[in-house]
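Worksheet for the structure shown next.
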Amino acid sequence: MTTILDFWWVILLVLSIVLYKFVLRVFFGMVIVPEDRIGLVTKKFVLFGSDKSLPDGRIIATKGEAGFQAKTLAPGLYWAMWPWQYSVNMTPFTIIPEGNIGLILSKDGVEIPTGRILAQKVNSDNFQDATLFLDNGGQKGRQSAFITTGSYRINTYLFEVVVAPQIVISENMVGIVTAMDGEPIPIGQIAGKFAENHNNFQDFDQFLKNGGNRGLQPQVMLAGSYYINSWAIQIEQTPMTDVPIGYVGVVISYIGEDGKDVTGDTFKHGNIVSKGQRGVWMEPFGPGKYALNKYTTKLEPVPTTNLVLNWANARSESHDLDKNLSTITVRSKDGFPFNLDVAQIIHVPANEAPKVIARFGSMTNLVSQVLEPTIGNYFRNSAQDSDVISFLSTRKERQESAKKHIKAVLDEYNVNAVDTLIGDIVPPDSLMKTLTDRKIAEEEQKTYQTQRMAQEQRQGVEKETAIADMQKEIVKASQSVEIAQRTADATVKKAEGDATSLKLNVNAEAEATKMRANAEAEATKARAGAQAEATKLNASAEAEKISKTGLAEAEKIMAIGKSTAEAYQLQVSAMGGDNFTKYKITEEIGKGNIKVIPDVLISGNSGSDGGISGLLGMKLMEMMDTKNEKQEPKK
């Protein structure tokens, strides 16, 4: 009968297959390290010799001592690692993700020198060779070196890895650096000296080798990503320093060597030095953005455009330099307090800005220490020399005087005074009421005067209007007189022309008759006897004809004279008797045809027919002259 014991070898084979790893581990000391693991070895004891114990203070064995072994097992197959002597801990690789670094803390090694807080970097294949690290004098504690993104076989019995993010400095920001280790800062300085060749503090060991100081650093870091050991370097991000348009930035440096004042002996109000030295830099920064360390340098903005400062309670400019200024209260000579607003326009030249800052420290101090007392005291003193009314009436002159005085004062402080303007002047209410009442009274008086002048002008206009209306009648009457006078003159001239024509006709007819008579006499001389009687009859008829013609003409002349007299009578009525007489006398004298003392004086009655009688007399004189001419013998 077959029993289970007959198949012992089968059972042994199955157990061997199932427990082969255990069998190999126990009997052959086999250890298999997976490809994603490393083996951390701990040696439990040493078989031979008592000198295989670790030195005091050491926890990692590098020479086969009992304890945590420096050497690790990489992925693979190992023998003779019997479990009763060795224990192997399978641990994953140390992985540093992208955008991070691994900070290393060593649990064993040489003591860090006194005064230092970080262990010096040694060659150790990025801390993957613990034996090399310890043999090269690696120091215990926080390491200055670090590992970057990747996978590493790190002996975690010796090293502790802390994953930390990269340092990222944003746009328009500045990284202010503080070193946690290094040489002490020199006495008299607030920041370390400039160190070179440390790749923006990413190689801290090089920083230390170059004599870098612990504490605040003068260098700053610009925008970007950096592998920075945060145990070695602390970074504070601050905005870049902005100098706006219309300003310059005066740099005040708190670090550097003591520089020589470059302003010379004429300026004794501050230390102005060259760039990089301690003090106020001679060259200001123009508009733009600057990477400045706010702990080692200060940038004081100074406006280079015209700056308006208001001494007024209700007004302040955007620059806020006049936010503490208020309306000036003054007292006049006659004891009245009153308020006035003042605006001062100043300009600081760009090349003078460092001197202003060296003298006052800031624009605010310039306003409070110079402008405020200067302007306030000037107007208080000016007001005490005048009463309120005079101050108001001489505002323009006082403004010009203030401008000259303040300009002279500010020139001494390297500031240009552009203009001084007096704003509102607010006298006391009681005085204002008096002035207002007086002004109202003056205006009322002016109003009354204006109204009176308007009434007088209105009366004058009405008077002139009435005269103008009467002038129409006067002109009409004058024209009537002129027409009558001209009609009379025309009549007289016509009468004279008719008389002269008639006289010529009569003379011509008489001459013609005489000539015909002579011709007849000569022609009929032979027939003298026969025709003598006929000639006599013809002569008688002709004489009678001439006589009748003369009488007819006389009657005509009489009618014309009568009409002329009537015309003269109208002129006399219009002009007056004396005026008409003077007029006619003057006219005749001017013509040269009338003697001043006439040969025959004709007078008339003083009645209404006196003028007519005079005219008839004058006409008779003309007729007599004509008759005399006819009677003159022929020459």
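The values are calculated or read from the model by the stated rules, or taken from the named source; none is laboratory data. This is a predicted model, so every value here is computed, not measured. With ideal geometry, Cβ positions are generated from the backbone for all residues, glycine too; neighbour counts draw on all protein chains shown.
Some values worked out for this structure:
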item: Residue within segment 197-220 that is under 28 Å from Pro301 (Cα atoms), touching a Ser or Thr at 6+ places or on another chain (Cβ under 8 Å), modelled with pLDDT of 95 or more and of a type in the set (A, V, I, L, M, F, W, C) present; result: yes
item: Odd one out for Ile233, checked against (1) closer than 29 Å to Gly138 by Cβ; (2) without any contact (Cβ under 8 Å) to a residue 40 or more places away in the chain; (3) surrounded by 18 or more Cβ atoms within 10 Å (Cβ to Cβ); result: (2)
item: Count of segment 345-367 residues which are closer than 21 Å to Gly246 by Cβ, of a type in the set (Gly, Ala, Ser) and surrounded by 22 or more Cβ atoms within 10 Å (Cβ to Cβ); result: 1
item: Members of segment 323-361 found to be of a type in the set (Asp, Glu) and either closer than 24 Å to Asn381 by Cα or not assigned by TED's automatic domain parsing to the domain that holds Thr374 (or both), listed by number; result: Asp334, Asp341
item: Filter result for Leu371 (over 22 Å from Pro284 (Cα atoms) and crowded, with 19+ Cβ neighbours inside 10 Å); result: yes
item: When residues of segment 1-54 are limited to those that are in a loop (DSSP other than H, G, I, E, B) and of a type in the set (Phe, Trp, Tyr), the one modelled with the highest pLDDT; result: Phe45
item: Positions within segment 414-444 being over 25 Å from Arg395 (Cβ atoms) and either in a helix (DSSP H, G or I) or of a type in the set (Gly, Ala, Ser) (or both), in sequence order; result: Glu444
item: Residues located in segment 78-89, provided they are closer than 19 Å to Ile154 by Cα and exposed (fewer than 15 other Cβ atoms within 10 Å of the Cβ); result: Ser87
item: Residue, nearest to Asn213 (Cα to Cα), within segment 108-134, restricted to residues that are buried (at least 16 other Cβ atoms within 10 Å of the Cβ) and of a type in the set (S, T, N, Q); result: Gln120
item: Qualifying position, being over 25 Å from the mean Cα position of the chain (by Cα) and over 28 Å from Ile235 (Cβ atoms), among Val302, Val308, Val330; result: Val330
item: Conditions (1) buried (at least 17 other Cβ atoms within 10 Å of the Cβ); (2) under 29 Å from Ile252 (Cα atoms); number of the one not met by Val342; result: (2)
item: Given (1) more than 17 Å from Val174 (Cβ to Cβ); (2) assigned to a strand (DSSP E or B), index of the condition Ser225 fails; result: (1)
item: Of all residues in segment 292-321 being among the charged types (D, E, K, R) and modelled with pLDDT of 90 or more, the one that is surrounded by the fewest Cβ atoms within 10 Å (Cβ to Cβ); result: Lys294
item: Residue in segment 390-411 that is polar (S, T, N, Q) and closer than 16 Å to Leu309 by Cα present; result: yes
item: Residue list for segment 238-255, filter: loosely packed, with under 15 Cβ neighbours inside 10 Å and outside any loop (DSSP other than H, G, I, E, B); result: Pro239, Asp242
item: Flag for Ala402 being crowded, with 20+ Cβ neighbours inside 10 Å and in contact with a helix residue (DSSP H, G or I) (Cβ under 9 Å, 6 or more places away or on another chain); result: yes
item: Residue that is touching a helix residue (DSSP H, G or I) at 6+ places or on another chain (Cβ under 7 Å) and part of a strand (DSSP E or B), where the choices are Leu325, Leu299, Leu340, Leu321; result: Leu340
item: Residue check for Ser393: surrounded by 15 or more Cβ atoms within 10 Å (Cβ to Cβ) and more than 26 Å from the chain's Cα centre (by Cα); result: no
item: Failed condition for Phe201, given (1) assigned to a loop (DSSP other than H, G, I, E, B); (2) hydrophobic (A, V, I, L, M, F, W, C); (3) under 26 Å from Ala358 (Cβ atoms); result: (3)
item: Number of the condition not met by Asn293 [criteria: (1) over 22 Å from Val367 (Cα atoms); (2) assigned to a strand (DSSP E or B); (3) of a type outside the set (Lys, Arg)]; result: (2)
